[in-house]
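The structure appears below as structure tokens.
The values are calculated or read from the model by the stated rules, or taken from the named source; none is laboratory data. The structure displayed is predicted, hence computed values, not measured ones. All Cβ positions, glycine included, derive from the backbone under ideal geometry; neighbour counts span all protein chains shown. Ligands, DNA and RNA are excluded from the accessible area calculation, which covers all protein heavy atoms including side chains. Shrake-Rupley method; radii C 1.70, N 1.55, O 1.52, S 1.80 Å.
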Amino acid sequence: MNNADKIYNLAVFGVQKLIPYTPGKPIEELERELGLTQIIKLASNENPLGPGKKALAAIQATLKDLALYPDGNGFNLKQALAKKYAVGMDQITLGNGSNEILELVARAFLTPEFEVVFSQHAFAVYPIVTQAVGAKAVVAPALNYGHDLDAMLQKVTDKTRLVFIANPNNPTGTLLDHASLESFIQALPDTCVCVLDEAYCEFVGDGRIGSLPIATLPPSLAVGSADNSIAWLKKYPNLLITRTFSKAYGLAGLRVGYGLSSPQLADILNRVRQPFNNNMLALAAAEAALTDTEHLQNTIAVNAQGMQFITDGFKNLDLEWIPSAGNFVLVDVKQSAMPIYEALLRKGVIVRPVGVYELPNHLRITIGTQAENQLFLQALAEVLSGNV
């Protein structure tokens, strides 16, 4: 081992073996690699409409103050969130995206002696934050590509400090009904914190998942009001709900998310949160975005229409997909997905392979604009027919 390699041995054990999260390929990277000029990105579940007018206006109004530090406590945004959800400001933790909240809870509650329970096919950040602090990951087998709450509960022991649940789940789009989910939270011991990751909650509630009516779906996928979970905070002090402005609100580039919990849990998270973890533009844009109901409604409508269009396209191509409650859909291409992914790249279409989630024959497609959805389906049809 040379001297340069020895530096790895200085890192804590979990970090030595850690495989970093791989984000969706950026448009600029594909431009450099292939020299393409017309590229669509449907890989990272971003809002195809971009930020709303109110958020953009708030950013513009804030530019003059960039020489100043932002409000380290995020008072105005916390006040707006507290009003929206009828919670106390002391129940809110702001994060650099909701991903940071996931990292904060791991740092605050985990050591190598403790365990974390999450589902197969669940968000890749859960094992990353677990391994980074040296805790043990306990993975429960999925049920119909989603969380099997009974199997997860059986994995909980006196060593379990965290349970991660994504609802809707990324990357599969599956959704748990609220009755089953609350029963699960209620059954957890008070020595375990339940992290309910609701990054895609704004897309839930129109009575449809993918292009299938709710009546045709199993009970585990039934839709309930996304805000029902907020009421649970009064009953379960070990519950942490995480949400984000990156998806439905179109602010992924500004990285702002938040956690809702009991005041005691929020106090713990804010002890390990870095000062000024949200920049001034992010705070202003997020606060304004909360008031832009027109943009949110347009986003949800475009997503619903696009989901119908894309899943109809899958049907025409004789492909199966997993009904999704998010702004993305997972499609089975009936073969190894990587060659299909790479062929789509050469046509200027970026989607997301999900082999890292133990789904090697699937691709995750973000719902885009009508034009983007059409280009994607055309490119997919050409690739599947051998026209690469």
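Being open to solvent by 20 Å² or more (accessible area, probe 1.4 Å) and in a loop (DSSP other than H, G, I, E, B) is the filter; apply it to segment 278-291 and report the residue that is nearest to C194 (Cα to Cα).
L290
Does L49 satisfy the criteria of being open to solvent by 60 Å² or more (accessible area, probe 1.4 Å), at pLDDT below 95 and more than 15 Å from V256 (Cβ to Cβ)?
In short, no.
Given the residues G224, G250, which is the only one that is at pLDDT 95 or above and not basic (K, R)?
G250
State yes or no: is P360 open to solvent by 60 Å² or more (accessible area, probe 1.4 Å), within 30 Å of L176 (Cβ to Cβ) and not basic (K, R)?
Here the answer is yes, as P360 does meet what is asked.
Please work out if Y69 is modelled with pLDDT under 95, among the aromatic types (F, W, Y) and farther than 20 Å from L296 by Cβ.
When the stated conditions are applied, Y69 does not pass them.
Could you please let me know if A166 is open to solvent by less than 10 Å² (accessible area, probe 1.4 Å), hydrophobic (A, V, I, L, M, F, W, C), modelled with pLDDT of 95 or more and under 28 Å from A266 (Cα atoms)?
So A166 passes the test.
Please specify each residue of segment 261-277 satisfying the condition of being within 21 Å of E198 (Cα to Cα) and either in a loop (DSSP other than H, G, I, E, B) or among the polar types (S, T, N, Q) (or both).
Hits for segment 261-277 are S261, S262, Q264, N270, R273, N277.
Is it the case that K247 is surrounded by fewer than 23 Cβ atoms within 10 Å (Cβ to Cβ) and farther than 24 Å from D65 by Cα?
When the stated conditions are applied, K247 does not pass them.
Provide a single number: the residues in segment 363-388 that are open to solvent by less than 60 Å² (accessible area, probe 1.4 Å), outside any helix (DSSP H, G or I) and not aliphatic (A, V, I, L, M).
The qualifying residues number 5.
Report yes if M307 is surrounded by fewer than 15 Cβ atoms within 10 Å (Cβ to Cβ), at pLDDT 95 or above and outside any strand (DSSP E or B), otherwise no.
No: the conditions fail for M307.
Based on what the data block shows, is G313 small (G, A, S) and either part of a helix (DSSP H, G or I) or touching a strand residue (DSSP E or B) at 6+ places or on another chain (Cβ under 7 Å) (or both)?
yes
Checking the condition of a type outside the set (A, V, I, L, M), under 23 Å from T244 (Cα atoms) and open to solvent by less than 20 Å² (accessible area, probe 1.4 Å), which residue from H147, H178 passes?
After applying the criteria, what remains is H147.
State whether the residues of segment 270-281 include one that is free of Cβ contacts under 8 Å to residues at least 40 places away in the same chain, over 19 Å from T366 (Cβ atoms) and more than 22 Å from the chain's Cα centre (by Cα).
The answer is no; no qualifying residue exists.
Under the condition of being open to solvent by 40 Å² or more (accessible area, probe 1.4 Å) and not polar (S, T, N, Q), which residue from segment 90-119 is nearest to the chain's Cα centre (by Cα)?
Selected residue: E103.
Which residues, taken from segment 322-355, are touching a Phe, Trp or Tyr at 6+ places or on another chain (Cβ under 9 Å) and either in a helix (DSSP H, G or I) or open to solvent by 50 Å² or more (accessible area, probe 1.4 Å) (or both)?
Passing the criteria: only L344.
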